């Protein structure tokens with residue numbers, strides 16, 4: 001009999017709800033299309049089912065950014081190789097950085113050294129800041145540190161496969177042109193943002209797994225992210 005090698009699964013995704021706080025200001029709504037009572041009445045009691053429409057931005061809550069987000073005709077979500085979405089995780093502790101502070105190249109180098117592993121290809125580089133605690137609050141995208149474009153370029157030079165973080169937005173909040181996003185995406189480095197529970201990954205060996213939509217032409221997509229360990 002097959003023995004499941006996975007002993008623990010931790011959900012790293014935020015829950016989404018109607019009218020939730022959204023950094024982009026776009027609507028989040030789940031209008032009811034059918035109810036059990038309605039369909040039971042229409043079917044003369046033969047069947048009852050419920051169904052909702054989902055109206056939500058592709059860049060809401062825990063989501064992935066594909067190069068198409070910033071690069072015209074860049075790789076869309078459906079084109080991201082599945083093997084780039086299930087990788088050994090490499091957690092970097094940047095929780096010392098406070099609201100408004102930059103997470104510098106030096107910060108990443110010190111966290112890399114402390115982790116005992118080199119930053120490079122073949123893993124999901126996970127930046128832990130602890131800001132998931134303010135997720136859902138008004139102006140949550142400003143209650144955080146930020147990653148300058150220089151730090152993103154450092155990861156490009158390290159040939160990082162996938163970047164993930166609990167940050168709610170990654171550029172400086174006043175840099176409306178998002179140079180950090182561009183540095184990653186124009187180099188085909190996808191990003192998973194607005195994770196949670198990263199404190200549960202400390203001093204653990206684990207796989208980072210991220211589901212994604214197969215819808216073509218999408219520049220981003222919501223989905224579940226999790227930690228798998230044996």
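The values are calculated or read from the model by the stated rules, or taken from the named source; none is laboratory data. Keep in mind that this is a model prediction, so the values were computed, not measured. So basically every Cβ, Gly included, is an ideal-geometry build from the backbone, and we count neighbours across all protein chains shown.
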Please verify whether region 36-44 includes one or more residues that are in a loop (DSSP other than H, G, I, E, B) and more than 20 Å from residue 213 (Cβ to Cβ).
-> yes
Pick from 137, 153: which is closer than 24 Å to residue 97 by Cα, out of contact with any strand residue (DSSP E or B) (no Cβ under 8 Å at 6 or more places or on another chain), outside any loop (DSSP other than H, G, I, E, B) and in contact (Cβ under 8 Å) with a residue 24 or more places away in the chain?
-> 153
Filter region 194-208 for residues that are closer than 23 Å to residue 23 by Cα and crowded, with 23+ Cβ neighbours inside 10 Å; the one that is farthest from the chain's Cα centre (by Cα) is 198
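Which of the residues spanning region 45-61 are surrounded by 14 or more Cβ atoms within 10 Å (Cβ to Cβ) and out of contact with any helix residue (DSSP H, G or I) (no Cβ under 9 Å at 6 or more places or on another chain)? Can you show your working first?
As a first pass, look at region 45-61 and keep what is surrounded by 14 or more Cβ atoms within 10 Å (Cβ to Cβ): 48, 56-61.
Result: 56, 57, 60, 61.
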The listed residue being touching a residue at least 24 places away in the same chain (Cβ under 8 Å), surrounded by fewer than 17 Cβ atoms within 10 Å (Cβ to Cβ) and out of contact with any helix residue (DSSP H, G or I) (no Cβ under 7 Å at 6 or more places or on another chain), out of 211, 123 | 211
If only one of 94, 42, 85, 12 is surrounded by 11 or more Cβ atoms within 10 Å (Cβ to Cβ), modelled with pLDDT of 90 or more and farther than 28 Å from residue 178 by Cα, which one is it?
-> 42
Residue 180 passes all but one of (1) assigned to a loop (DSSP other than H, G, I, E, B); (2) in contact with a helix residue (DSSP H, G or I) (Cβ under 9 Å, 6 or more places away or on another chain); which number fails?
-> (1)
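Given the criterion part of a loop (DSSP other than H, G, I, E, B), free of Cβ contacts under 8 Å to residues at least 40 places away in the same chain and touching a strand residue (DSSP E or B) at 6+ places or on another chain (Cβ under 7 Å), identify the matching residue among 95, 60.
95
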Matching entry among 72, 83, 21, 112 (being within 21 Å of the chain's Cα centre (by Cα) and part of a loop (DSSP other than H, G, I, E, B)) = 21
Quick one: count up the residues across region 171-183 that are on the phi < 0 side of the Ramachandran plot, in contact (Cβ under 8 Å) with a residue 60 or more places away in the chain and within 17 Å of the chain's Cα centre (by Cα).
-> 2
What number goes with the only condition from (1) modelled with pLDDT of 95 or more; (2) surrounded by fewer than 19 Cβ atoms within 10 Å (Cβ to Cβ) that residue 73 does not pass?
-> (1)
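From 122, 48, which residue is modelled with pLDDT of 95 or more and out of contact with any strand residue (DSSP E or B) (no Cβ under 8 Å at 6 or more places or on another chain)? If you could, list the steps in order and put the result at the bottom.
Numbers: 122 fails: out of contact with any strand residue (DSSP E or B) (no Cβ under 8 Å at 6 or more places or on another chain).
Going through 122, 48 in turn, the sole match is 48.
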Looking at 212, 217, which is the one that is part of a loop (DSSP other than H, G, I, E, B) and under 14 Å from residue 84 (Cα atoms)?
-> 212
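Taking the stated definitions as given, is residue 27 in a loop (DSSP other than H, G, I, E, B), at pLDDT below 95 and touching a strand residue (DSSP E or B) at 6+ places or on another chain (Cβ under 7 Å)? Spell out the reasoning first.
Values: in a loop (DSSP other than H, G, I, E, B): yes; at pLDDT below 95: yes; touching a strand residue (DSSP E or B) at 6+ places or on another chain (Cβ under 7 Å): yes.
Yes: the conditions hold for residue 27.
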